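Below is one structure; the comments refer to it alone.
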Amino acid sequence: MPGLDVKPLLEELKDRISEELDYELEAMSQQMFADAYAGDPDIYVPSVVMATGQVLVSEWMDGTPLSRIIAEGSKEQRDRAGIMLVRFLFSGPSRAGLLHADPHPGNFRLLGDGRLGVLDFGAVDRLPGGLPRFFGRLLRIMHDDDADIEEVERELRAHGFLRDGIHVDLDALHAFLAPLAEPSKVDSFKFTREWMREEASRVTDMRAGNISRQFNVPPSYVLIHRVSTAPGAPWRSGGQPVIYSSPSGTSRPMARRCAACSLRITCMTALISARCVNACGKLPRCRPEHGSISSP
Ligand SMILES: Nc1ncnc2c1ncn2[C@@H]1O[C@H](COP(=O)(O)OP(=O)(O)O)[C@@H](O)[C@H]1O
Ligand SMILES: [Mg+2]
């Protein structure tokens, strides 16, 4: 990974993890979200009742865990949950000045009235100015048929995604970014499983010669990167099985790569020895006592 500056990244992760243990800070973030989304027709955030350094008490919230919707919900339920999840995650910075940075299914519930309930504000990114405008600028440049790829390179350097001394081939940079800009170029874009799968494996391909290896992740973008790559789960469970549900529905999902084709797969228990059934055609080795495949 010649492009990556690892030390500041680790510092950022250390700071954010220590924050997760501070309940007073978590309470403040939760209440900021609760206030920002009060009265929202689609999103509900329970209010904080009290908090000390050791205890955080908030209003109770009944509902169906998102993990169950992912595993057993109809296409309509999954689509709606997915839309609400994405709207919540990406509206947080402009509405609450915060980004919810732990978007795994255990932290979301579908309430009886159809709203998406949100929990767990231990990991947040403070973005008082909203999401960085730089993303919008990059996308707008890439939407041009004759995109100014030198300007893209300048933007990436200015924001620390390309470090000094790291060379990128501009044609390769264009080819890398163009598919990622495609969804926002058109009025309506269908995120098919094939598209998501292809893009996920393409941008995370770290083999020698791949341009992904040239990029840096500046510390201030770590949590944004985490959130922007996460929320596909409700849609991914449409056809072939890539989502597994644990019988209890409570354990944390775990992402792994298929050993054979390196596709990223998500399972709901850390105990499953999973093999992907997609690009490489290998069957999952899923022990029934640990989890089940959610779709045919
Ligand atoms: N307000 C709430 N209403 C109902 N259940 C909750 C509430 N807050 C937390 N829980 C339950 O407790 C679990 C853990 O809480 P969470 O805030 O996600 O902590 P952690 O940081 O340990 O993941 C949640 O997954 C959920 O099942
Ligand atoms: Mg949680």
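Couple of notes before you dig in:
- Among residues of the stretch 71-86 that are within 21 Å of ALA101 (Cα to Cα) and in contact (Cβ under 8 Å) with a residue 40 or more places away in the chain, those with a beta-carbon under 6 Å from a residue that is among the β-branched types (Val, Ile, Thr) and surrounded by 17 or more Cβ atoms within 10 Å (Cβ to Cβ) at least six positions away or on a different chain give the pairs ALA81/ILE69.
- Qualifying position, being touching a residue at least 24 places away in the same chain (Cβ under 8 Å) and of a type in the set (Lys, Arg), among ARG137, ARG207, ARG193, ARG157: ARG193
- Filter pass, ASP42 being over 20 Å from the mean Cα position of the chain (by Cα), surrounded by fewer than 20 Cβ atoms within 10 Å (Cβ to Cβ) and not polar (S, T, N, Q): no
- Listed conditions (1) basic (Lys, Arg); (2) touching a Pro at 6+ places or on another chain (Cβ under 6 Å); (3) modelled with pLDDT of 95 or more are all met by ARG78, apart from (3).
- Conditions (1) in contact with a helix residue (DSSP H, G or I) (Cβ under 8 Å, 6 or more places away or on another chain); (2) within 14 Å of ligand 1 (Cβ to nearest atom); (3) not aromatic (Phe, Trp, Tyr); number of the one not met by LEU139: (2)
- If the condition is being touching a residue at least 12 places away in the same chain (Cβ under 8 Å) and among the polar types (S, T, N, Q), then the stretch 87-99 contributes only SER94.
- Total residues in the stretch 100-117, condition under 19 Å from the mean Cα position of the chain (by Cα), away from ligand 2 (no atom under 12 Å from the Cβ) and in contact (Cβ under 8 Å) with a residue 60 or more places away in the chain: 2
- Hits in the stretch 21-73 (condition: in contact with a strand residue (DSSP E or B) (Cβ under 8 Å, 6 or more places away or on another chain), in a loop (DSSP other than H, G, I, E, B) and among the β-branched types (Val, Ile, Thr)): VAL45
Table: residues versus (1) in contact with a Leu (Cβ under 8 Å, 6 or more places away or on another chain); (2) more than 16 Å from LEU127 (Cα to Cα); (3) without any contact (Cβ under 8 Å) to a residue 40 or more places away in the chain; (4) not hydrophobic (A, V, I, L, M, F, W, C).
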{"site": "PRO8", "(1), (2), (3), (4)": "no, yes, no, yes"}
{"site": "LYS14", "(1), (2), (3), (4)": "no, yes, yes, yes"}
{"site": "SER18", "(1), (2), (3), (4)": "no, yes, yes, yes"}
{"site": "TYR37", "(1), (2), (3), (4)": "no, yes, no, yes"}
{"site": "PRO41", "(1), (2), (3), (4)": "no, yes, no, yes"}
{"site": "VAL45", "(1), (2), (3), (4)": "no, yes, no, no"}
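- Hits in the stretch 147-165 (condition: aliphatic (A, V, I, L, M), under 23 Å from SER201 (Cβ atoms) and outside any helix (DSSP H, G or I)): LEU162
- Listed by first and then second residue, the pairs linking a residue in the stretch 173-189 that is closer than 11 Å to ARG202 by Cα to a residue that is polar (S, T, N, Q), with Cβ atoms under 8 Å apart and 6 or more places separating them unless they lie on different chains, are PHE176/SER212.
The values are calculated or read from the model by the stated rules, or taken from the named source; none is laboratory data. Nothing here was measured: the structure is a model prediction, and the numbers come from that model. We place every Cβ from the backbone using ideal geometry, glycine too, and count neighbours over all the protein chains shown.
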